[in-house]
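Worksheet: one structure, shown below.
What follows is calculated from the coordinates using simple rules that are stated; it is not laboratory data. These numbers come from a predicted model, not from an experiment. Positions of Cβ are generated from backbone atoms using ideal geometry, with glycine treated the same way; all protein chains shown enter the neighbour counts.
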């Protein structure tokens, strides 16, 4: 009886875990429409467009974005076969052309985005209604990711309005003082862009606004084999993007900042402190205060979410799921997008330098919580996530309560800020990139797997070999020739010579 109970216990535990996972999924699915309805009610009450209104426009009106609906559809197509991808893309293009033609005929603007939203919806209905098994699960999961990407932008637009309603005053004077410790990088990059001229400015602007498109390219590369094999990687870029989009905007409420182009530039709608940016660094005001500011500027600077998302994109373009290097074009593309995004956030006056530091720390912290879930929540992960959260809290507290001291001692304060960022980055690299853990499974047949097998081989070349090793000449078995038999010591010497050659060591003549 005891043995039977012991045999049944693991199965019961597995059943409990499966039930818990299903319950979480059901609650998550129900939370999405509940959130949309709640935000729609708030938007209607406050007098701005809600997420359901914006979503309706994607179906039957003028879409708010041309890129995001197409990005959502492309992401959804990773879960279906090539035949359905071609059909879906052709249908989306055709619908968009019809909608755009009707709008132009009625005197409306040229825009696209209706087609991919309609096709994505139809694809989800088809998978739910007609397909079954693994094919259905894969298609629905991919469609859900595409839909979440679109819905996340709707929620984000409403949240920016909410930040204005909840925080009419902004803390830009404090952040300006803290940013002096980093050398006022927003002013430096603003002047650099003025010197470079319109072409680099146009490139940076395009990179900045098309970050979702770059993210979809990386996500499609990561999930390209899902439809064929039905197996999803443990972690991929879309997960990080969505979690960052949930966590980061909460800080907007705690630390409302609008950016130098508004408070110190010409876009403040009469609320600016002067026309300083980017030509002149304003004099240091050692009596900062929270400023009542225009309701046209969202409080979305601290932390810099574009920095967080671009850094996440950079991290996910370094390696494949099995630990081997990603393709060269992808690694260079991720580097290019990160550098251009950093230059744009500062050069256009959207952010202060300390915003970027906070965004980078937030990204590394969230990525540490999500990366390699198969390793569980050991002390290595708790330590890294806890340290990242503590550093972020320390930075925000310093910006708010030690801003004057940071401006008075810029070298010391700037060194501390950069050292905190470097410490989080070093811990992240040591945990996830410096060496491969033995507990992480590698793809069978991959370069990383073969390397690990070689490194795990016994140090003694002759360990486990029989008393005599048969070394056959090529083709000897097919010709019926007699095998050459070498004694154990000679075989070991030959093996040592072979491995020494692989390591690049000189082989002594024997």
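This ranking places 316, 306, 409 by how few other beta-carbon atoms lie within 10 Å of each, fewest first, which gives 409, 306, 316.
The relative contact order of segment 168-438 comes to 31 percent, based on Cα pairs under 8 Å that sit 6 or more residues apart. Based on C-alpha pairs under 8 angstrom that are at least 6 apart in sequence, segment 19-166 has a relative contact order of 31 percent.
As a rough footprinting exposure proxy, the listed residues 374, 201 were ranked by other beta carbons within 10 Å of their own, and the order from fewest upward is 374, 201. Kirkwood-type hydrodynamic radius, segment 168-438: 19.5 Å, calculated from all non-identical alpha-carbon pairs. From least to most packed, judged by other beta carbons within 10 angstrom and beginning with the fewest, 27, 52 follow the order 27, 52. Shown is the FRET efficiency for residue 98 and residue 42, computed with R0 = 30 Å from the Cβ-Cβ distance and rounded to the nearest 0.05: 0.30. Using the Cβ-Cβ distance between residue 23 and residue 280 with R0 set to 51 Å, the FRET efficiency works out to roughly 0.30.
Estimated at 0.36 nm per residue, the fully extended path between residue 269 and residue 86 surpasses their Cα-Cα distance by 61.1 nm.
Here the label points at residue 210 and residue 195, each 7 Å from Cα along the C-beta direction, are separated by 2.7 nm in the simple model.
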